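**Q** Below you'll find the structure I mean.
Only the coordinates and a few stated rules stand behind these numbers; no lab work does. It should be emphasised that the depicted structure is a prediction, and the values quoted were computed from it without experimental measurement. Here the Cβ positions follow ideal geometry from the backbone for every residue, glycine too, while neighbour counts run over all protein chains shown.
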Amino acid sequence: MPQRRAMLTGLAAMGAGCASPLPAAPGDNREALMQQVADTERGFARTMADRDFAAFLSFIADDAVFLNGGKPLRGREAIGAHWKRFFTGPAAPFAWQPDLVEVIGSGMLAQSIGPVSAPDGKVFARFYSTWRREPDGRWRIVLDNGYDLGECGAKG
């Protein structure tokens, strides 16, 4: 019995090494990862300001889900089909930026949260984005949602 337990423990340890798609890189720490995610979120937002739809799509994981007010958009293609309309005009219809970022202990998932503002700067919503660190080291969005603040919660 002890021999079987040792063998199973050894197999589990070998499997655990294979299960992690991206081992923590030397020097990775929570603060550095949080900064990476904040910078990635700002880059994602810049695609709207720059009117660069292809770049926008590059930040979205293939299997992402945007909750879309209770009508989920599943996958990059569906998300892109819905969001394309926000890239048609010469000026961005809204902007966003993170004001809070947190990364889980494994360094593989993160959440960014922040205000969404109209072109006049008035905040009308907040976004909540979940990011996954991909095997290539890039952060891609996997879950996204936003909430309208309404008249009571909106600040300028």
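**Q** For a quick check of your reading of the model, give me the residue pairs whose first member lies in segment 100-128 and is within 20 Å of THR40 (Cα to Cα), whose second is among the basic types (Lys, Arg) and outside any strand (DSSP E or B), with beta-carbon atoms closer than 7 Å and at least 6 apart or on different chains.
**A** Filtered contacts from segment 100-128: VAL103/ARG30.
**Q** Give me a count of the residues in segment 69-89 that are surrounded by 15 or more Cβ atoms within 10 Å (Cβ to Cβ) and either among the hydrophobic types (A, V, I, L, M, F, W, C) or not in a helix (DSSP H, G or I) (or both).
**A** The initial filter retains those residues of segment 69-89 that are surrounded by 15 or more Cβ atoms within 10 Å (Cβ to Cβ), namely 73, 75-76, 78-80, 83, 87.
Of the ones still in play, those that are also either among the hydrophobic types (A, V, I, L, M, F, W, C) or not in a helix (DSSP H, G or I) (or both) are 73, 75, 78-79, 83, 87.
Summing the residues that are surrounded by 15 or more Cβ atoms within 10 Å (Cβ to Cβ) and either among the hydrophobic types (A, V, I, L, M, F, W, C) or not in a helix (DSSP H, G or I) (or both) in segment 69-89 gives 6.
**Q** Can you tell me which residue within segment 52-68, out of those that are touching a residue at least 60 places away in the same chain (Cβ under 8 Å) and exposed (fewer than 15 other Cβ atoms within 10 Å of the Cβ), is farthest from ILE113 (Cα to Cα)?
**A** For segment 52-68, the residue satisfying everything is ASP63.
**Q** Now for a different question. Would you pick out the residues in segment 27-51 that are within 16 Å of PRO119 (Cβ to Cβ) and in a loop (DSSP other than H, G, I, E, B)?
**A** Those that are within 16 Å of PRO119 (Cβ to Cβ) and in a loop (DSSP other than H, G, I, E, B): ASP50, ARG51.
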